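The values are calculated or read from the model by the stated rules, or taken from the named source; none is laboratory data. Values in this document were obtained by computation on a predicted structure and should not be read as measured data. As a convention, Cβ positions derive from the backbone with ideal geometry for all residues, glycine included, and neighbour counts pool all protein chains shown. Ligands, DNA and RNA are stripped out before the accessible areas are found, and what is left, the full protein with its side chains, is counted by its heavy atoms. Shrake-Rupley method; radii C 1.70, N 1.55, O 1.52, S 1.80 Å.
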Amino acid sequence: MGAAVVVVLVAGGVVAALALLRAPTLLDADDFVGVSSIAQDADADPAPGWVWCDTIAPSMWERGEPPATSLVLDDGSTIGATLIERPLGGLTAGKVLSNASAAAESCGASHLVDEGFAIESLNGLAAGEVGWRSARHDGRWGEYVLVDLDGRRVLAVGFETEADEAPLPIDDLVALAREGAERFPRDG
């Protein structure tokens, strides 16, 4: 969570207060165990989890450099979130989710599926969410969810791992990223 620190300096009877503010983040590393590296915004990789189906990646829907958090865990798993604030072409969030669903379906019909790649829709997601579990032939797999936040902004959340278990259940990860997204003001 963003924090504020206020330092009060007294010099020659003049009081000056310096406020040091930390920029908001989508994910807080303190919420995870075994974080080996953290990257924010332009230094962060976009939300992982699509593993091989690039047409559902956040970069397909965003303009510019959106807020993003990328965490690498000690076991090599990655966790991330990207806030798509201004979708390309002025698309609504619903249209982004619809287009991404069609792209994932196309990936599922790809010749790569015959070569050991997989993608399937996640069930049990909340209204305004679409998501997938995908895997590569080398054992790396992930889950990825797109969330319609407010009809315009889209939150992309995911993880990628080689472990047998998810680093965190995807619905818990989405909840943490939603909390983070609330810290970002809507622009216009």
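Structure data summary
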{"quantity": "Candidates E162, E179, filtered to the one that is open to solvent by 60 Å² or more (accessible area, probe 1.4 Å), modelled with pLDDT of 95 or more and closer than 18 Å to G76 by Cβ", "calculated": "E162"}
{"quantity": "Residues being under 29 Å from A118 (Cα atoms), among the polar types (S, T, N, Q) and at pLDDT 90 or above - total across the range 7-65", "calculated": "3"}
{"quantity": "Which numbered condition V130 fails, given (1) under 15 Å from G80 (Cβ atoms); (2) touching a Leu at 6+ places or on another chain (Cβ under 7 Å); (3) of a type in the set (A, V, I, L, M); (4) outside any helix (DSSP H, G or I)", "calculated": "(1)"}
{"quantity": "Cross-chain or 6+ apart pairs with Cβ under 7 Å, the range 72-92 first and free of Cβ contacts under 8 Å to residues at least 40 places away in the same chain, then hydroxyl-bearing (S, T, Y)", "calculated": "V72/S36; V72/S37; V72/T78"}
{"quantity": "Every pair of residues 6+ apart whose Cβ atoms lie under 7 Å, when the first sits in the range 159-174 and is farther than 19 Å from D28 by Cβ while the second is among the small types (G, A, S) and outside any loop (DSSP other than H, G, I, E, B)", "calculated": "E160/G142; T161/G142"}
{"quantity": "Residue in the range 134-150 that is free of Cβ contacts under 8 Å to residues at least 24 places away in the same chain, farther than 26 Å from P24 by Cα and not acidic (D, E) present", "calculated": "yes"}
{"quantity": "Among residues of the range 62-95, those that are open to solvent by less than 30 Å² (accessible area, probe 1.4 Å) and within 14 Å of V145 (Cα to Cα), counted", "calculated": "7"}
{"quantity": "First in the range 104-127 and touching a residue at least 60 places away in the same chain (Cβ under 8 Å), second anywhere and open to solvent by 90 Å² or more (accessible area, probe 1.4 Å), Cβ under 9 Å, 6 or more apart", "calculated": "L112/H137; F117/H137; I119/E105; I119/R133"}
{"quantity": "Residues of the range 19-39 that turn out to be touching a strand residue (DSSP E or B) at 6+ places or on another chain (Cβ under 6 Å) and open to solvent by 60 Å² or more (accessible area, probe 1.4 Å), as a count", "calculated": "5"}
{"quantity": "Identity of the residue in the range 105-154, under 12 Å from V174 (Cβ atoms), in contact with a strand residue (DSSP E or B) (Cβ under 7 Å, 6 or more places away or on another chain) and of a type in the set (G, A, S), that ends up surrounded by the most Cβ atoms within 10 Å (Cβ to Cβ)", "calculated": "G131"}
